[in-house]
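I have placed the structure first, in the form of structure tokens, so that the comments after it can refer back to it.
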Amino acid sequence: MSCWPPLDDLKVHTVRARGDSFLKYTAVNQVTIDNALLSKAIDLATANVANGQRPFGALLVDGEEIVTQAVNEAARSNDPTDHAEIVAIRHATSLLNADCLDALTLYASCEPCCMCASAILWAGVRRVVFALAREDAHEYGFHDVVGPEISRRLLSAISVTQVRSLDRAAREPFEAWKLRNASDS
Ligand SMILES: [Zn+2]
């Protein structure tokens, strides 16, 4: 499990929102809430590996409320566009019945690729928070079709934050992926 902020800093309670039950986080500051939500995205990525899929998770959040959570589904669907960020965008636009998600923040366990960066812009998302850098994902065999500078240039139009304090936790799903593939061979 990834490292969650101290409970003293975080009031966690369950809310029923938009048909699903999610944890809602009331934090003392944005850094604390960013860490909590990003930790959840990382945990989703780790769980996804245990489910036979790829080590990526994402959340779309309205303030402190999780609107939707998603994982990379490409290994199951054979759809190469089923990255966690895009799956989250599809869920959220469907749930909200809207094609503009400009009130939402995207939390991603790994820095978005160029395809997801484009989708994030098209969806109108204005803020992205991520943990592991693309270059670090490359170590585990996940390469962009183009260099990460393309996605960074695209996302330079909006607010992007990398939470480096979660770097170690962000490697956990990738380490699980590496271990699983080693045991498969
Ligand atoms: Zn992507």
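A short reminder: the numbers here are calculations on the coordinates, not readings from a lab. None of these values were measured; they are calculated from a predicted model. In this analysis, Cβ positions are derived from the backbone assuming ideal geometry, glycine residues included, and neighbour counts consider all displayed protein chains.
Filter the stretch 73-91 for residues that are more than 10 Å from the ligand (Cβ to nearest atom), of a type in the set (Gly, Ala, Ser) and either within 22 Å of Val61 (Cβ to Cβ) or touching a Cys at 6+ places or on another chain (Cβ under 9 Å) (or both) and give the result.
Ala88
List every residue pair whose Cβ atoms sit under 7 Å apart, with the two residues 6 or more apart in sequence or on different chains, where the first one lies in the stretch 108-132 and is within 12 Å of Ile158 (Cβ to Cβ) and the second, anywhere, is charged (D, E, K, R) and within 13 Å of the ligand (Cβ to nearest atom).
Taking only residues 6 or more apart or on different chains, the pairs are Pro112/Glu85; Ile120/Glu85.
One residue is enough: does the stretch 101-108 have a residue meeting the conditions within 12 Å of the ligand (Cβ to nearest atom), small (Gly, Ala, Ser) and in contact with an Asp or Glu (Cβ under 6 Å, 6 or more places away or on another chain)?
Going through the stretch 101-108, the residues within 12 Å of the ligand (Cβ to nearest atom) turn out to be 106, 108.
Checking which are small (Gly, Ala, Ser) leaves us with 108.
From what's left, in contact with an Asp or Glu (Cβ under 6 Å, 6 or more places away or on another chain): 108.
Yes, some residue in the stretch 101-108 is within 12 Å of the ligand (Cβ to nearest atom), small (Gly, Ala, Ser) and in contact with an Asp or Glu (Cβ under 6 Å, 6 or more places away or on another chain).
Just to be sure I understand, how many residues within the stretch 114-125 are within 14 Å of the ligand (Cβ to nearest atom) and not in a helix (DSSP H, G or I)?
Counting residues in the stretch 114-125 that are within 14 Å of the ligand (Cβ to nearest atom) and not in a helix (DSSP H, G or I) gives 1.
Which condition number does Ser77 fail, the rest of (1) of a type outside the set (Asp, Glu); (2) surrounded by fewer than 17 Cβ atoms within 10 Å (Cβ to Cβ); (3) more than 25 Å from Asp167 (Cβ to Cβ); (4) touching a residue at least 24 places away in the same chain (Cβ under 8 Å) being met?
Status for Ser77: all satisfied but (4).
For the stretch 126-159, name all the residues that are of a type outside the set (Asp, Glu), more than 13 Å from the chain's Cα centre (by Cα) and not in a helix (DSSP H, G or I).
Arg126, Tyr140, Gly141, Phe142, His143, Val145, Val146, Gly147, Ser156, Ala157, Ile158, Ser159
All but one of (1) in contact (Cβ under 8 Å) with a residue 24 or more places away in the chain; (2) more than 15 Å from the ligand (Cβ to nearest atom) hold for Leu59; which doesn't?
It is condition (2) that Leu59 fails.
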